[in-house]
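First comes the structure, then the notes that go with it.
Coordinate-derived values only; no laboratory data. Just so it is clear, the structure is predicted and the values come from calculations on it, not from any experiment. Glycine gets a Cβ as well: all are built from the backbone with ideal geometry, and neighbour counts include every protein chain shown.
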Amino acid sequence: MGIRMNKNKGKQPVLVLEGDVDISIAADIKTRIMDVMNETDSLTVDLGGVERLDISCVQLLCAANRSFEKKSKRLNVITGKGDSLCRTLLGSSGYDAHDGCPEKKCRACLWKKGDRNDG
């Protein structure tokens, strides 16, 4: 498991998550996201190195996305090589790559292709 924040001067910060990303580290992820939200207009979460992801972290990222939107800020997710892992979990949890989450609470869904930034 690994969590690190890359903050390069003049660039958008990137929260890099690696290994097992589950409920045991959700509080740490939330703290880091909320701290950065107060310092910047956008944050990218890189899930490319995630080997295991549970629904608590998906829900945490969705809640963070709503918080960012309320402040007119942007949260991006990069799935990279972890894309198939994310797709499997999201699909079995009611999230759809073409339609986003069932609740439709966000203007830009982190999981909906076309809304997210996989750059």
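Ordered by packing density, taken as the mean number of other Cβ atoms within 10 Å over each peptide's residues, highest first, how do 36-45, 61-70 rank?
Values: 36-45: 15.9, 61-70: 18.2.
With the highest mean Cβ count within 10 Å placed first, the list reads 61-70, 36-45.
Quickly work out the Lys71-to-Lys30 label distance, labels modelled 7 Å from Cα along the C-beta direction, and quote it in nm with one decimal.
Computed distance between label sites Lys30 and Lys71 equals 1.6 nm.
At a Förster radius of 35 Å, what calculated FRET efficiency corresponds to the Cβ-Cβ distance of Ile55 and Lys9, to the nearest 0.05?
0.50
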